[in-house]
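Structure first, then comments.
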Amino acid sequence: MEDKLLKDLFLGFIKVHILHHAAKERIYGQEFSEELQRHGYQISYGTLYPLFHKLEETGYLISANENVHGKVRRYYSITANGKKILEKAKLQAKELVGELYEG
């Protein structure tokens, strides 16, 4: 049970991370996987891509395919709804971090 809860928490953090980076620039799976590794997350593409797809299904991301050196790469960008939910998440995260590190 504890492992499931921890996984759910980290997946939530990763979703916010995805939205944060997609608000800055278009992102794609392999590059973003490397970004997550720099932050200590070790997730498989089998976990990462469903997160991208879920965020797209809910209207927070949009995607477009692009041919890069003969390979099709899917880029993800944030939507207006994604920006709204990201701002809400940032406020909640800021409040939580403040409480976690009080006194």
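The values are calculated or read from the model by the stated rules, or taken from the named source; none is laboratory data. A quick note: this is a predicted structure, and the numbers were derived from the prediction, not measured. So basically every Cβ, Gly included, is an ideal-geometry build from the backbone, and we count neighbours across all protein chains shown.
Across the stretch 22-41, what is the number of residues that are part of a helix (DSSP H, G or I) and either over 23 Å from residue 67 (Cα atoms) or in contact with a Leu (Cβ under 9 Å, 6 or more places away or on another chain) (or both)?
Looking only at that region, the number is 8.
Looking at residue 66 and the list (1) modelled with pLDDT of 95 or more; (2) under 24 Å from residue 92 (Cα atoms), which single condition is not satisfied?
Just one mismatch for residue 66, condition (2).
Between a residue in the stretch 58-72 that is of a type in the set (Phe, Trp, Tyr) and any residue that is surrounded by 10 or more Cβ atoms within 10 Å (Cβ to Cβ) and in a loop (DSSP other than H, G, I, E, B), which pairs come within a Cβ distance under 8 Å, given they are 6 or more apart or on different chains?
Cβ pairs passing all conditions: 60/79.
A quick yes/no check of all residues on (1) at pLDDT 95 or above; (2) polar (S, T, N, Q); (3) more than 27 Å from residue 6 (Cβ to Cβ):
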{"residue": "19", "(1), (2), (3)": "yes, no, no"}
{"residue": "24", "(1), (2), (3)": "yes, no, yes"}
{"residue": "43", "(1), (2), (3)": "no, no, no"}
{"residue": "54", "(1), (2), (3)": "yes, no, no"}
{"residue": "62", "(1), (2), (3)": "yes, no, yes"}
{"residue": "73", "(1), (2), (3)": "yes, no, yes"}
{"residue": "88", "(1), (2), (3)": "yes, no, no"}
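Return a yes/no flag: does the stretch 6-15 have any residue that is assigned to a helix (DSSP H, G or I), in contact (Cβ under 8 Å) with a residue 60 or more places away in the chain and small (Gly, Ala, Ser).
Within the stretch 6-15, not a single residue is assigned to a helix (DSSP H, G or I), in contact (Cβ under 8 Å) with a residue 60 or more places away in the chain and small (Gly, Ala, Ser).
Please give the number of the condition residue 27 fails out of (1) touching a residue at least 40 places away in the same chain (Cβ under 8 Å); (2) exposed (fewer than 14 other Cβ atoms within 10 Å of the Cβ); (3) among the hydrophobic types (A, V, I, L, M, F, W, C).
All conditions pass for residue 27, except number (2).
Would you confirm whether any residue within the stretch 55-78 is part of a helix (DSSP H, G or I) and basic (Lys, Arg)?
No, the stretch 55-78 contains no residue that is part of a helix (DSSP H, G or I) and basic (Lys, Arg).
Does residue 19 count as without any contact (Cβ under 8 Å) to a residue 24 or more places away in the chain, outside any strand (DSSP E or B) and either at negative phi or of a type in the set (Ser, Thr, Tyr) (or both)?
Considered against the rule, which asks whether it is without any contact (Cβ under 8 Å) to a residue 24 or more places away in the chain, outside any strand (DSSP E or B) and either at negative phi or of a type in the set (Ser, Thr, Tyr) (or both), residue 19 comes out as no.
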